[in-house]
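In what follows, a structure is listed as structure tokens, so that the remarks can point back to it.
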Amino acid sequence: MPRMNSLTDTLSPLLAPIARREAVLFRGIGWILLAFSLFAFAQKLVVVPDRIERYTPLVTLHGAVMLGWLGLFTLQAELQARGRLGWHKTLGVFSALLVGVAVWTGFIVSRDFSGEADMIEVFLANLVHLSGLAIFWAAGVVAAIRHRIDIHRRMMLLAALAILSPPISRVTQTLGLPNGMAAVLHLGLVLALPAIYDLATRGRLHRGTLAAFAVIFVLSGLAGAAGVIPPWNAAVSAYLGLS
């Protein structure tokens, strides 16, 4: 009888059902997030068709890249659930390009809009979202390199959730909900969905999820501090060209 050469070999048969549940649920979440995002932007254009005139080439590029990353996220989840790991790894290379362009264009678009609208809070909130995308994506890549697929999935899920503020805000605007409701719903989704995913697949919160929550609170705290601490607020306002 062959000898098990590691604890991982011993535990693999026990972990397989958990991994399968995670992959199937992960795929479902991917399709739901992509469908919601497409619906959110489409309904906003139907309700306010003149809005398309405000889409500059840079804004259009940013939106296309963000939706492209969500599309790739969903495709990757589908490939993983189907066991097409070769294709999954090959296509994963493109995520670096999409995330890089998304963060770059997102920063410029947010800076320009916040400066024109005199809304420092929008710029700070978007910094949190873009930082979350970059940090969780990078953590997911590192986890994949280290063959920690459980952490890889959770970080990529959080990276996808980090950029859902725009589609959520499109829906809240259409429904006429109070300003700030989109931020509340977005934060609730970012915290609730990973927790539900963990509880549904493992019956407890994963350590990677808890660590990610800590990162979210740190980023949010820094953004909040920049909004209320006079020297920080003054520095950001000066950068945006605000009086």
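The values are calculated or read from the model by the stated rules, or taken from the named source; none is laboratory data. Fair warning: this is a prediction, and the values are worked out from it, not measured in the lab. Please note: Cβ atoms are built from the backbone with ideal geometry, for glycine as well, and neighbour counts cover all protein chains shown.
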- Message: modelled with pLDDT of 85 or more and out of contact with any strand residue (DSSP E or B) (no Cβ under 8 Å at 6 or more places or on another chain): which single residue out of Leu72, Leu85 fits that description?
- Response: Leu72
- Note on the structure: Per the list (1) surrounded by 13 or more Cβ atoms within 10 Å (Cβ to Cβ); (2) more than 30 Å from Tyr197 (Cβ to Cβ), residue check on Thr56 breaks on (1)
- Message: So, in the stretch 149-203, how many residues would count as being touching a residue at least 60 places away in the same chain (Cβ under 8 Å) and either assigned to a helix (DSSP H, G or I) or of a type in the set (S, T, N, Q) (or both)?
- Response: 20
- With the checklist (1) exposed (fewer than 15 other Cβ atoms within 10 Å of the Cβ); (2) within 15 Å of the chain's Cα centre (by Cα); (3) within 18 Å of Gln173 (Cβ to Cβ) in hand, flag the one item Gln43 doesn't pass. (2)
- How many residues of the stretch 225-237 are assigned to a helix (DSSP H, G or I) and either free of Cβ contacts under 8 Å to residues at least 40 places away in the same chain or surrounded by fewer than 11 Cβ atoms within 10 Å (Cβ to Cβ) (or both)? The answer is 7
- Query: With respect to the numbered conditions (1) under 19 Å from Leu70 (Cα atoms); (2) among the aliphatic types (A, V, I, L, M); (3) surrounded by fewer than 20 Cβ atoms within 10 Å (Cβ to Cβ); (4) modelled with pLDDT of 95 or more, which one is the sole condition not fulfilled by Ala195?
  - Reply: (1)
- Task: May I ask you to list the residues in the stretch 108-127 that are of a type outside the set (A, V, I, L, M, F, W, C) and in a helix (DSSP H, G or I)?
- Result: Ser110, Arg111, Asp112, Ser114, Gly115, Glu116, Glu121, Asn126
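Here is a yes/no grid of residues against (1) surrounded by 16 or more Cβ atoms within 10 Å (Cβ to Cβ); (2) under 26 Å from Thr60 (Cβ atoms):
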| position | (1), (2) |
| --- | --- |
| Ser131 | yes, yes |
| Phe136 | yes, yes |
| Arg170 | yes, yes |
| Leu175 | no, yes |
| Arg202 | no, no |
